[in-house]
Amino acid sequence: MIELKNASVRRDGRILFHNVNLQIHPNFKIGLTGNNGTGKSSFFAVLLGELGLDTGEISMPSNWQIGHMAQEIESSDQSAIDFVLSGDKEYFELNEKINNHENLTESEIAHVHARFDDIHGYSIPSKASQIMTGLGFSVIQENQPVSSFSGGWRMRLNLAKTLMSRADLLLLDEPTNHLDLDAILWLEDWLKAYDGTLLMISHDQAFLDNVVGRILHIENQTMMLYTGNYTTFVRTRSERLAQQQQAFEKQQATKAHLEDFIRRFKAKATKAKQAQSRIKQLERMTELAPVMADNPFTFQFYEPNQLTSPLIVMDNVSVGYDNVPLINKIRLQITPDSRIGLLGMNGAGKSTVIKGLVGELPTLNGTRKVADSLVLGYFNQHQMDSLDGEATPMLMLQRLAGKTSDADLRAFLGSFDFRGDRIDTPSKLFSGGERARLTLALIVWQRPNVLVLDEPTNHLDLEMRQALSLALQNFSGAVILVSHDREMIATVCDELYLVHDGKCEVFDNDIAYYSAWLSETRKNQNKTAQNIEKENNQNVPRGTFNQNQEKSQNEKPTLSKEEQRKKNAELRNLTAPLRKKIEGDEKQLEKLGEKLATIEEQLADTSLYDDSKKVELLKLLDEQMTLKNQIGEIEERLMENMMALEEMESGFE
């Protein structure tokens, strides 16, 4: 267990969090959230021992191994697979000794081999290969040197190396950056199966929802642990803030009344005693913090100057490279009402379709037509990288804006959270998130009628993603989107197209089903590869092995009625303890739900927010939070038990 007692951390003279008391139990999967600069990365540094507490204590098991994903990777001639394998330090050290055993005694060699067997060392390269495949690497890339990969692919190597570690505590900082959707879905499954304690910083809401069971939120120099995934956290926190705001407004009204009384009667002898009483009452009043708006981004897309239909037409188009078609027979008609999301596995050709759509790649077959009124807003990594590094946001916008006043330009940039010194800072000093926001700002200013966005959220935090999603929903032009952010695709796109097997066709389902399609497609691809390998090794006709295997699997013995009755009785006895736990949890949930309803009914009473009832109010709020946490934990346990029961029953079929 990790425990913090009265922990405080100060960085660069600024308090990040103060007097934190926190317990993180083994196997907790936690999402670490909070605005930029609140101390998320500093908390990781504390856990890693790189940053000490200013006050308080921290304790954690001394034998725990910590896996931490580095944010940078040095260029190296080491092969990619060896780099990933080095994440399992014990395996790597034992393997080195086995391969270079000249200086070891026979006893030492025997001990090395015994330990290598204990950790299943011969299967570890296969595990590393599986992780690399899941993150999008091909078999050929496994043996390429680290130095041959771009920055984004090196980050994937860092992640793969981290996943190889024998970590009891896994710390991941933005693991989905530089990953496409199919790699993210694979990582989700891996982390859900991870048997250890996980703390993760992520700006991907769907990813957090599917992986973590708790949220540790940093704000107002404190930490609060919420039970439930990110969506549950948002709802719980909103309810708490609404109650806090109501209490604050009530207190402000009371303070104004007291201050007015003091101001009017302090000098009058007949009222002086009463005025002094009001002053003491005012001094005793605990100051409540107002609820501040969290999101600094408030932008929206301007109305396009002209909208005609269609804006872009691709009729039976083929696009590719070096006159070799990669995607064929693309049929797309982009109108002002189009809201299209492109899906597809890594390397399937989504970016190729996008480049053909915007005219970066020539049309090899078919026809592509664009309206004379087309104003294209195209966002991709290249646009970010091609920003003038010496120019400031203000200067770049002035180049586009002509005679627009500086005040209007500053207000516009402020909606993208460029304020104060950042407006006049050269863009070469910006983070990836700031460059992404600036690129979007420049696109918005030009009033496009077609937005083509290729992974626009890679560097954006949750608040900016939310603002972008809302702005896209209100945009009156066309949107074509490639994104690994499922929440954005679900809320923005009305149509989905799937790029697969050299085609770009309508996907007749929603984004939630795509993960199931992806899983099934991968499974089929793996089966095909395995079958081909077995056929090549055994030199038998294709399909023979599978047909025999399928036949043997489908042959199930028929049970007599007596045998079936005994089997059912055995199943009932076996599952009885689990059913009893489920029944007990369901009853407990019903009781806790009734208690929570009673408390929330009391909290709806506005008279409770009088200052005289402050103690009662705080007590009820604490009880409400405790009950919600208890309900969340029981619901989580109930779900696990129900899944376990289902597995036990299916095993008896």
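Here is how the numbers come out for the structure above:
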item	result
First in region 99-116 and within 22 Å of D82 (Cα to Cα) and modelled with pLDDT under 80, second anywhere and of a type outside the set (A, V, I, L, M, F, W, C) and part of a helix (DSSP H, G or I), Cβ under 9 Å, 6 or more apart	H101/E108
Residue satisfying all of: in region 139-168; without any contact (Cβ under 8 Å) to a residue 12 or more places away in the chain and among the polar types (S, T, N, Q); surrounded by the most Cβ atoms within 10 Å (Cβ to Cβ) among these	S148
Unique residue being out of contact with any Gly (no Cβ under 6 Å at 6 or more places or on another chain), crowded, with 17+ Cβ neighbours inside 10 Å and not basic (K, R) when the list is I327, I312	I312
Qualifying residues in region 195-225 (those that are among the hydroxyl-bearing types (S, T, Y) and over 12 Å from I24 (Cβ atoms)) - the one nearest to the chain's Cα centre (by Cα)	S202
Residue match in region 290-297 (condition: at pLDDT 60 or above and under 34 Å from the mean Cα position of the chain (by Cα))	yes
Those residues of region 456-502 which are among the charged types (D, E, K, R), touching a Ser or Thr at 6+ places or on another chain (Cβ under 6 Å) and surrounded by 21 or more Cβ atoms within 10 Å (Cβ to Cβ), in sequence order	D485
Candidate set: region 81-98, residues that are among the aromatic types (F, W, Y) and crowded, with 18+ Cβ neighbours inside 10 Å; chosen: the one farthest from the chain's Cα centre (by Cα)	Y91
Subset of region 73-121 (residues that are in contact with a helix residue (DSSP H, G or I) (Cβ under 8 Å, 6 or more places away or on another chain), within 24 Å of V139 (Cα to Cα) and assigned to a helix (DSSP H, G or I))	A80, I81, F83, V84, L85, Y91, F92, N95, G121
Those residues of region 362-386 which are among the hydrophobic types (A, V, I, L, M, F, W, C), more than 27 Å from the chain's Cα centre (by Cα) and either modelled with pLDDT under 90 or within 13 Å of I312 (Cα to Cα) (or both), in sequence order	V370, A371, L374, V375, L376
Long-range neighbours under 6 Å by Cβ, at least six apart or interchain, first residue under 23 Å from M200 (Cβ atoms) within region 48-66, second surrounded by fewer than 14 Cβ atoms within 10 Å (Cβ to Cβ)	Q65/R166
Helices (runs of 4 or more DSSP H) wholly inside region 305-419 containing at least 1 residues that are in the same structural domain as L468 (by TED's automatic domain parsing) and small (G, A, S)	350-358, 393-401, 406-414
Any hit, region 527-542, residues being modelled with pLDDT of 60 or more, outside the structural domain of N328 (by TED's automatic domain parsing) and β-branched (V, I, T)	yes
Subset of region 62-80 that is within 27 Å of V112 (Cβ to Cβ) and not polar (S, T, N, Q) - its residue that is nearest to the chain's Cα centre (by Cα)	G67
Residue in region 119-130 that is of a type in the set (A, V, I, L, M, F, W, C), out of contact with any Phe, Trp or Tyr (no Cβ under 8 Å at 6 or more places or on another chain) and more than 12 Å from M164 (Cβ to Cβ) present	no
Extreme residue, nearest to L185 (Cα to Cα), among residues of region 127-140 that are modelled with pLDDT under 85 and not hydrophobic (A, V, I, L, M, F, W, C)	G136
Subset tally (residues that are part of a loop (DSSP other than H, G, I, E, B) and either of a type outside the set (D, E, K, R) or within 14 Å of I131 (Cβ to Cβ) (or both)) for region 162-179	8
Those strands (runs of 3 or more DSSP E) lying entirely in region 1-72 with at least 3 residues among the basic types (K, R)	2-11
Candidate set: region 386-417, residues that are touching a residue at least 24 places away in the same chain (Cβ under 8 Å) and of a type in the set (D, E, K, R); chosen: the one nearest to T439 (Cα to Cα)	D388
Strands (runs of 3 or more DSSP E) within region 455-509 that include 3 or more residues on the phi > 0 side of the Ramachandran plot	none
Which numbered condition L172 fails, given (1) touching a residue at least 24 places away in the same chain (Cβ under 8 Å); (2) farther than 21 Å from G67 by Cα; (3) touching a Ser or Thr at 6+ places or on another chain (Cβ under 8 Å)	(2)
Residues of region 420-434 classified as among the acidic types (D, E) and part of a loop (DSSP other than H, G, I, E, B), total	0
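The values are calculated or read from the model by the stated rules, or taken from the named source; none is laboratory data. Not measured: the values here are computed from a predicted model. Counting neighbours? That spans all protein chains shown, and the Cβs are built from the backbone with ideal geometry, glycine included.
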